[in-house]
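The values are calculated or read from the model by the stated rules, or taken from the named source; none is laboratory data. Source: prediction; values computed, not measured. Cβ placement follows ideal geometry from the backbone for every residue including glycine, while neighbour counts extend to all protein chains displayed. When the accessible area is computed, the model is the full protein with side chains, heavy atoms only, and any ligands, DNA or RNA have been set aside. Shrake-Rupley method; radii C 1.70, N 1.55, O 1.52, S 1.80 Å.
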Amino acid sequence: MSVEARRAELLTAALGLFAHRAPEDVSLDDVASAAGASRPLVYRYFPGGKQQLYEAALRSAADELERCFEEPRSGPLSVRLSRVLDRYLAFVDQHDAGFSALLQSGSVAETSRTNAIVDEVRRAAAGEILLHLAVKEPGARLRMMVRTWITAVEAASLIWLDEEKRPSLEELRDWLVDQFVAMLTATATTDPQTARVMKAALRMEPAEGAVGRLARRVVPGLGEASHLL
């Protein structure tokens, strides 16, 4: 087996363990056993020990998470967001304990490097969403809105794990799409750039789509607020 292939094999074994156990609960012997290798061999490829192995595994997971947000920029925005969330939430589902340890910063393996990797994922995700909004130079309000939504997705994912993965992934996805639309709408009321973005996005949404369904649920309730106008 080539050097790269053996290293990839060890990394895959480590990822499998870190996915379902906090880093401090995984030993090099565990990784060696999962990969059918020896402890000295693990050290040969990762001389920095478990910390180096964890950071390499985290980098690999981060790359996968960033790819979740890559989506062709065509069709209704709500459909694109749904596809992105399907991939992201599938990752959360498959890496439950590891995802929780990572985002809650509760691991003894946490360092400035691991924090930087996590922050890079957040910024890359926000960047991809802004590309879908077709804005060359997004203003502060729009950037803040998108980054806030990314934070909300993370928080909802952690709560979903804490709630024993209820509701279903499909319900969680649809709710997060609704949250994006609601935040975009609220921001558009005070930011002209966001207003233009929202109008362009709405023109592409079909009546039977996610945004249309949300509008039909919301509009009747607004009748109760007529006294505020």
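Tabulated data for the structure shown
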quantity	calculated
Residue match in the range 137-148 (condition: part of a helix (DSSP H, G or I), modelled with pLDDT of 95 or more, open to solvent by 30 Å² or more (accessible area, probe 1.4 Å) and under 21 Å from LEU102 (Cβ atoms))	yes
Filtered residue count, the range 149-167, keeping only those that are of a type in the set (Asp, Glu) and in a loop (DSSP other than H, G, I, E, B)	2
Only one of LEU77, LEU103, LEU130, LEU53 that is over 30 Å from GLY212 (Cβ atoms) and assigned by the TED database to the domain that holds PHE180	LEU103
Scan of the range 168-222 for residues that are open to solvent by 70 Å² or more (accessible area, probe 1.4 Å) and assigned to a loop (DSSP other than H, G, I, E, B), ordered by number	THR189, THR190, MET204, GLU208
Pairs, first closer than 9 Å to ALA13 by Cβ and touching a residue at least 24 places away in the same chain (Cβ under 8 Å) in the range 30-46, second of a type in the set (Asp, Glu) and open to solvent by 60 Å² or more (accessible area, probe 1.4 Å), C-beta under 7 Å, six or more apart	ALA35/GLU9
Odd one out for ASN115 among (1) open to solvent by less than 50 Å² (accessible area, probe 1.4 Å); (2) out of contact with any Lys or Arg (no Cβ under 7 Å at 6 or more places or on another chain)	(1)
